[in-house]
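I have placed the structure first, in the form of structure tokens, so that the comments after it can refer back to it.
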Amino acid sequence: MRDNNEEKYIFAACTYFAKNHPGETCGSNGLPLTPSSISILGRAQRLLTIQHPNLCTYLDIIRGKHERIIVVTEVFGKSLEEWKSKFSFDEVINIGLQISEAMLFLHKQDIVHRTLADGNILVDSSGRVKLFNYGMYYMTGGGSDVPFPLGLPRYLSPETILNGGGPAADIWTFGIILLELCIGKLWQNLKPGPILRRILTLVHAANPAERIAREHDCFEAYKLVPDHLRNIIEKCLKIYPSERATFEELVEELSQANVKTLVDVKKPRGLMGCKLQYLYHWWQLTGGDIQAELKKNGLIKNSPPILSMPIAILLDGCTIGGKRGALFDRRIAKYSLDLLKTRLSHIPPQDFYPLMHERRRDYEAVALPKIIRERDTEYQFYRLLWFQRLLIGYPYTAQYIRAEAEIDIPPLVRGDVWAALLGVKGDIEEQYERIDKETPTPTDRQIDVDIPRCHQYCWLLCGSAGHRTLKRLLKAWLLTNPQYVYWQGLDSLTAPFLYLNFCNEARAFACLSAFVPKFLHKFFLKDNSAVIKEYLAKFWQMAAFHEPELATHLHEINFVPELFAIPWFLTMFSHVFPLHKIVHLWDALLVEGPALPLFMGVGILRQLRDTLLDSGFNECILLFSDLPEIDIGECVKDIVEIPMEVLLSEISPRISMSDFFSLTCQDKCCVVDIRSNLLYEKSCIEGSVNVPYSGVQLGQRDLRALGLHAHRALRDAVTHKNTIVIASAEDETAQLFSDYLVKCNVPRVCILYGGISALHSHVPSLFVVPIKKTGSK
Amino acid sequence: MATNRSGASQRPNGAPQTKVCQFKLVLLGESAVGKSSLVLRFVKGQFHEYQESTIGAAFLTQTVCLDDTTVKFEIWDTAGQERYHSLAPMYYRGAQAAIVVYDITNQGGAGVCGMRAIFTIELPTRDTFGRAKNWVKELQRQASPSIVIALAGNKSDLAAKRMVEFDEAQAYADENGLLFMETSAKTAMNVNDIFLAIANKLPKSEGAGGGSAAGARRLADGEQPRSSTCCK
């Protein structure tokens, strides 16, 4: 495979500087202007999603220091510029056809190429054509974000030179390229100025193609070009853009003229058969470094900073001199995959094609923290291939995806997996398309002021593309959920979905729409105070259940969750943590279900436990206003280890009968019966401890006061992490007694729902007559 | 808590004569006028261009030294969005001081609404100055009668885009007995000054109760606010 030199290089990078904003640095709203590089990054995201057989896939856009942009894209074969041999007319037609197909695809996506040139048309030995870096004009906002002009002079159409031009300019350029393929390079030894002048003089020519040929003394050669090809060239090289052919017509005409069929290249197997995006990702994980190679090839030059200082700065802030490379550097650095190939060389071929029915592999890496697993080449290799397999089968593989997501989610497919976990399916584009996202509403003002401060450290979300999309998403959601209103925080909640589905607005929307009812049911009601109060009450009960000492302390200093936990739950922590933490947290959230945030909250309290216990009200609230470093993995880990059914039962300190029953069967609970001796002796739950409520001194916070037997039973339960279930005849005493136990710092206390009588009528088999013990109370 | 609040343990530099007073201060105003930025500038001396929105409320403290007193502010920075209004009483109840903030460029007022007027959407008073006036009214009606209210016209660095005239705001402040300053959290202009002015105006009577724990308790169970302030 490697002997073929063409396949050695898989991707390439080029780099350029974005324009600096001269003078004023603040926009009208007082916020700094978005740097051009950020705008470029935002627009380029769409390019990353483009897939076409005749287009080189964009793999990555990196923002370097000092407004540097690095574009990483697939590379292949040699550029037309590098092919020295002349092509036959049949080959020209075939190449032309492939270019027009690619161009037709781009134009359909409203992307104008504008920089089409022989240097970025790549052809391999079998005659396959791919366009390279076709998104420069698009990503730079029509060239407005870069300090250099776009396009090579000889390919510019007359109207482009006169500072205009739309998609039809690409047709002209295409015509020039065909012409060059037939009669050789045009205007070869001229400087840009004279070339532009020559092109402009063509305006007077009836037949520009013929005129160009005459100018180059190639009229004879031009006459030799077959009629149909010459026709096509002439249709492209019309002065008036509206008279030119379109790529749709060109594709049709060229395919009629085309006689050459390309040999089907067998799809490579093994590593090279994997998705290019995966290869690039793995290559990076093995230590591949785009910038290092660029530096080595001299595409990034480090010059002393003093040299980049301007010679003069005018009063309006414009600078003179000190500019780094004024023109676009067309050189590219190519990268081979040798590093990755060596790293994965020991992997047996069958492992590239995991089968659904195969037993799942156990990896050693599973024991490592998530962040390290995400950086492990081999682990990600297996995980990605496996997830790819599962995702292809979605929605039929939904349950497998869920099971795998419980372990972890590879970052590269997180967006897809989340959508699968949220059950997003069907024609979401069509549904999203139908929603009116433009009509102004009274909420717009609030959205407008919130978006420019929502996760703005993220390069994707802080550009204008991010702002616009976030606004559309919010408006769409509000419109489709008329029962809900915009509460500040909804923006933060939407941000992770946008971040992961930046180019797939419809899916971001579908995810948000599925997420809210599942995790934030009724939170966005106009009057949500009852819902939030209830949620916070649950949270507080949970805190008491797991961290009795802490809960008692916080209760005593009146540190109520209303003061600090509303943003936690209203935004599912998305307002509290940075995005890289939110994704890990939500990974667990989507798998574990709606009870998780409560546990997360308790997990945070637990991590800050020592500080909180030593602090008064002010210190506590200050601690939460400025939330210190929280280890998400740690918070999530504690939770995930508790089995699901237990988790559910723990939400409420009132344990349902079925949960109680399952706990008893697992011998995971200690029942404290607080009825009187008399009732207890008639019949009681097997294995329960009797602590008559009437004899308990609530003021005394010492378990020993309950008597030796009860004390020992409770102590054992605490050490074995068993749940303590309080059974009583009436609810009120049970509540008071559970409070008492919590104050004695006993964790995992809950009350049997319905009390003894309900249990007795449902599961009488649990009841026995206690053996009389002497000595026990 | 009680020992914490005694003058002796709070004294920052061991100066023997200073007494320490604690005041609860609340910031109110339309969203994105710069409440959080003002507090951040005052407490930490920082300014973040992209200060994130406040949900619910945030709490910070800062101590300022006057001639003979050390004043410790317990600052509640509230959410600006109208919807969070129902939470506001929880924060201003028992507060001894309030800063009501508006944006001198009045973002969201005439600028945006004017443009949208063609769509004839009924917009409530969305201009930040109008909202500030409503807050003042509400405080006068519902908060402690002795509350010291300051009006802050923030974003004075954007004077070129001014929509609310200084004189207009000053006249309104005089009428209602408010302290008034135009501030800029970005350039720090008048930020410390407005807090100092409040500290000066607050009664620092000897032996009056007040302070954090009590303030918090009132917060939680909604007792009537105590009228007098302060500490020893």
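The values are calculated or read from the model by the stated rules, or taken from the named source; none is laboratory data. Just so it is clear, the model here is predicted, and its values are computed rather than measured. Positions of Cβ are backbone-derived with ideal geometry, glycine not excepted, and every protein chain shown enters the neighbour counts.
On inspection, residue A:559 passes the criterion of being within 14 Å of another protein chain (Cβ to nearest Cβ), part of a loop (DSSP other than H, G, I, E, B) and modelled with pLDDT under 90.
Conditions tested, residue by residue: (1) among the hydroxyl-bearing types (Ser, Thr, Tyr); (2) assigned to a loop (DSSP other than H, G, I, E, B); (3) buried (at least 20 other Cβ atoms within 10 Å of the Cβ); (4) within 11 Å of another protein chain (Cβ to nearest Cβ).
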residue	(1), (2), (3), (4)
B:50	yes, yes, no, yes
B:54	yes, yes, yes, yes
B:58	no, no, yes, yes
B:64	no, no, no, no
B:70	yes, no, yes, no
B:75	no, no, yes, yes
B:83	no, no, no, yes
B:86	yes, no, no, yes
B:91	yes, no, yes, yes
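Just wondering, is there one or more residues in region A:447-466 that are more than 14 Å from every other protein chain (Cβ to nearest Cβ) and among the β-branched types (Val, Ile, Thr)? Taking every residue of region A:447-466 in turn, none turns out to be more than 14 Å from every other protein chain (Cβ to nearest Cβ) and among the β-branched types (Val, Ile, Thr).
The numbered conditions (1) assigned to a loop (DSSP other than H, G, I, E, B); (2) buried (at least 18 other Cβ atoms within 10 Å of the Cβ) are all true for residue A:259 except (2). Of all positions in region A:319-336, none carries a residue that is in a helix (DSSP H, G or I), outside the structural domain of residue A:212 (by the TED database), polar (S, T, N, Q) and surrounded by 12 or more Cβ atoms within 10 Å (Cβ to Cβ). The set of residues in region A:95-114 being crowded, with 24+ Cβ neighbours inside 10 Å and not hydrophobic (A, V, I, L, M, F, W, C) consists of A:96, A:100, A:113, A:114.
Among the residues of region A:191-206, just one is touching a residue at least 24 places away in the same chain (Cβ under 8 Å) and either part of a loop (DSSP other than H, G, I, E, B) or acidic (Asp, Glu) (or both), namely A:205.
Out of all the residues in region B:93-103, which are in a strand (DSSP E or B) and not hydroxyl-bearing (Ser, Thr, Tyr)?
Result: B:97, B:98, B:99, B:100, B:101, B:103.
Looking at region A:291-313, can you tell me whether even one residue there is small (Gly, Ala, Ser), within 28 Å of the chain's Cα centre (by Cα) and buried (at least 17 other Cβ atoms within 10 Å of the Cβ)? Within region A:291-313, not a single residue is small (Gly, Ala, Ser), within 28 Å of the chain's Cα centre (by Cα) and buried (at least 17 other Cβ atoms within 10 Å of the Cβ). Counted as qualifying within region A:451-549 are the helices (runs of 4 or more DSSP H) with 3 or more residues that are touching a His at 6+ places or on another chain (Cβ under 9 Å), namely A:490-500, A:529-546.
Look at (1) at pLDDT 90 or above; (2) farther than 20 Å from residue A:238 by Cα; (3) outside any helix (DSSP H, G or I) and you find that residue A:148 fails only one, number (1). The residue list A:498, A:520 contains one member that is under 26 Å from residue A:460 (Cα atoms), surrounded by 20 or more Cβ atoms within 10 Å (Cβ to Cβ) and at pLDDT 95 or above, which is A:498. Taking residue A:26 as the residue in question, decide whether it is over 22 Å from the mean Cα position of the chain (by Cα) and either within 30 Å of residue A:317 (Cα to Cα) or modelled with pLDDT under 90 (or both). Judged against the criteria, residue A:26 is a match.
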